[in-house]
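Student: Have a look at this one before I ask anything.
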Amino acid sequence: MSDAPRIVIRRKRREHAAHHGGAWKIAYADYVTAMMAFFLVMWLVALIPRESLGEMAEYFRMPLMDAIRGGERTNDSKSIIPGQSPSVIPNKNPLPVRPANQENDQRDTQRLQDLKTQLEALIDTDPVLRQFRPQLLLDMTPEGLRIQIVDQQNRPMFQIGSAVVQPYMRTILRELGPLFNQISNSVTISGHTDAQQYARGERAYSNWELSADRANAARQELVAGGMQEGKVKRILGLASTVNLIKDDPNAAVNRRISLVVLNQRTERRIDQENATGNLSVDAQGNVAEAVENSMGASGSEAVTGARSPESNQTR
């Protein structure tokens, strides 16, 4: 037994690696998220038209400066995401946009329509205006309610070749004047003549001056009848450029006065046109100096000559 070999069993101890945890999962998730964002940006860039890329680059280049200078407010943005600028990606199916002032325009149109109805009733019931019914034309235009007082062959509105108002025309205008105070809308007054020219044509006193003077004379009679002076927005002299009867430019009805009670949309357009024509203080001084120089050079002869109408038997 002593000679038998001894059996030695050696046991090797296995050591396990330490637990690594889940940190690699977080890093991998960040990588996947970054790649997804990258490809999403590349896809959006591919959708943007080439001409809009510069605008997009400018947005990311100076967002702080844009905010300091004052860009679009959140309420003004058309983006569906609050606080974002309008998307530069074209929308093929835009939603219909309802104008903010559409309801106001509808109410304004209804007020003008009510005024038209009231005027028609007054003309039919007033014994003075009823006899002039054929010379009063009322209609609705894109600019507002238009009231036209036209000449008749044997009943002219003004003295021949002048802006002196005839008595019956004075009566009509003074009856209409107070009615315009019932609404806040402004009024434009246009003078029209026929195509018959003065003997000297347009070199001296012409249909342009005559139509403008008659429009202003109509304004004076409206104010004398009770219309507020601030109601008049514009006075126009259109000569024979807008005829009621185009085939007969010398027809009596082409000699007329047009009163337009403006709707709010037209008033806003006129106000914008007037605003764009405002001059700076320096420019106003230059214009005033130029006017003074031109008036001094022309002398008083040109001023007196402009108000010398020639005899005309048809106006």
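Student: Could you say whether any residue in the range 74-88 is basic (Lys, Arg) and either at pLDDT 85 or above or assigned to a helix (DSSP H, G or I) (or both)? Talk me through it step by step, then tell me what you get.
Tutor: Taking the range 74-88 and keeping what is basic (Lys, Arg), we get 78.
Next, from what is left, pick out any that are either at pLDDT 85 or above or assigned to a helix (DSSP H, G or I) (or both): none.
Within the range 74-88 (the criterion being basic (Lys, Arg) and either at pLDDT 85 or above or assigned to a helix (DSSP H, G or I) (or both)), the answer is no, since none of the residues qualifies.
Student: Just wondering, is there one or more residues in the range 207-223 that are within 27 Å of the chain's Cα centre (by Cα), touching a residue at least 40 places away in the same chain (Cβ under 8 Å) and over 20 Å from residue 132 (Cα atoms)?
Tutor: Looking for residues that are within 27 Å of the chain's Cα centre (by Cα), touching a residue at least 40 places away in the same chain (Cβ under 8 Å) and over 20 Å from residue 132 (Cα atoms), one finds at least one in the range 207-223, hence yes.
Student: Condition first: in a helix (DSSP H, G or I) and of a type outside the set (Val, Ile, Thr). Now tell me which residues in the range 222-233 satisfy that.
Tutor: Residues of the range 222-233 that are in a helix (DSSP H, G or I), as a first pass: 222-224, 229-231.
222, 224, 229, 230, 231, listed by residue number.
Student: Given the conditions (1) crowded, with 18+ Cβ neighbours inside 10 Å; (2) in contact with an Asp or Glu (Cβ under 9 Å, 6 or more places away or on another chain); (3) modelled with pLDDT of 90 or more, and given that residue 151 satisfies all but one, which numbered condition is not satisfied?
Tutor: Answer for residue 151: the failing condition is (3).
Student: Step by step: first the residues of the range 164-206, then only those that are closer than 20 Å to residue 244 by Cβ, touching a residue at least 40 places away in the same chain (Cβ under 8 Å) and over 26 Å from the mean Cα position of the chain (by Cα), then the one that is surrounded by the most Cβ atoms within 10 Å (Cβ to Cβ). Which residue is that?
Tutor: 193
Here is a yes/no grid of residues against (1) basic (Lys, Arg); (2) in contact with a Pro (Cβ under 7 Å, 6 or more places away or on another chain); (3) farther than 15 Å from residue 166 by Cα; (4) loosely packed, with under 15 Cβ neighbours inside 10 Å:
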{"position": "227", "(1), (2), (3), (4)": "no, yes, yes, no"}
{"position": "230", "(1), (2), (3), (4)": "no, no, yes, yes"}
{"position": "242", "(1), (2), (3), (4)": "no, no, yes, yes"}
{"position": "252", "(1), (2), (3), (4)": "no, no, yes, no"}
{"position": "256", "(1), (2), (3), (4)": "yes, no, no, no"}
{"position": "260", "(1), (2), (3), (4)": "no, no, yes, no"}
{"position": "268", "(1), (2), (3), (4)": "yes, no, yes, yes"}
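Student: Report yes if some residue within the range 297-314 is acidic (Asp, Glu), modelled with pLDDT under 90 and over 30 Å from the mean Cα position of the chain (by Cα); otherwise report no.
Tutor: As a first pass, look at the range 297-314 and keep what is acidic (Asp, Glu): 301, 310.
Pick out the ones that are also modelled with pLDDT under 90 and you get 301, 310.
Next, from what is left, pick out any that are over 30 Å from the mean Cα position of the chain (by Cα): 301, 310.
Yes: one or more hits.
The values are calculated or read from the model by the stated rules, or taken from the named source; none is laboratory data. The structure displayed is predicted, hence computed values, not measured ones. Note that we place each Cβ from the backbone using ideal geometry, even for glycine, and neighbour counts take in every protein chain shown.
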